[in-house]
1. So which residues in segment 34-59 are assigned to a helix (DSSP H, G or I) and surrounded by 15 or more Cβ atoms within 10 Å (Cβ to Cβ)?
2. Within the group Arg62, Arg84, which residue is basic (Lys, Arg), in a helix (DSSP H, G or I), without any contact (Cβ under 8 Å) to a residue 60 or more places away in the chain and more than 27 Å from Val28 (Cα to Cα)?
Amino acid sequence: MTSINRALDIQAAGKRGSAWTTARKAIVSLFVRYRNRRQVMGLSDFNDHMLDDIGISRDDLRHALRGGPFDDNSMDLMRAALRRRSQLTLL
């Protein structure tokens, strides 16, 4: 095997590895989004006082759950809680 053929084999192997890595990352991302969405759905069992204690409202929760089963809108809840906290510190 010549060095050129070896170099081509190494490049091809690297591309296969990167395709698998990309696919694995995409699958892991889907599972993380699904898990986060299920955790957000679990917050719907909390009463309004409990939601207020963690800094979100029932409307924030509805807004975060507006997408599909693999949409991760948990960051929306975090932003809403931070926004509410900053408004309270200004008062």
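1. Listed by number, the residues that qualify are Asn36, Arg37, Val40, Leu43, Leu51.
2. Being basic (Lys, Arg), in a helix (DSSP H, G or I), without any contact (Cβ under 8 Å) to a residue 60 or more places away in the chain and more than 27 Å from Val28 (Cα to Cα) holds for just one of Arg62, Arg84, which is Arg84.
Bear in mind that the values in this text are calculations on the coordinates, not laboratory data. Here the structure is a predicted model, which means the values were calculated and not measured. Quick reminder, even Gly has a Cβ in these numbers, built from the backbone with ideal geometry, and neighbours come from all protein chains shown.
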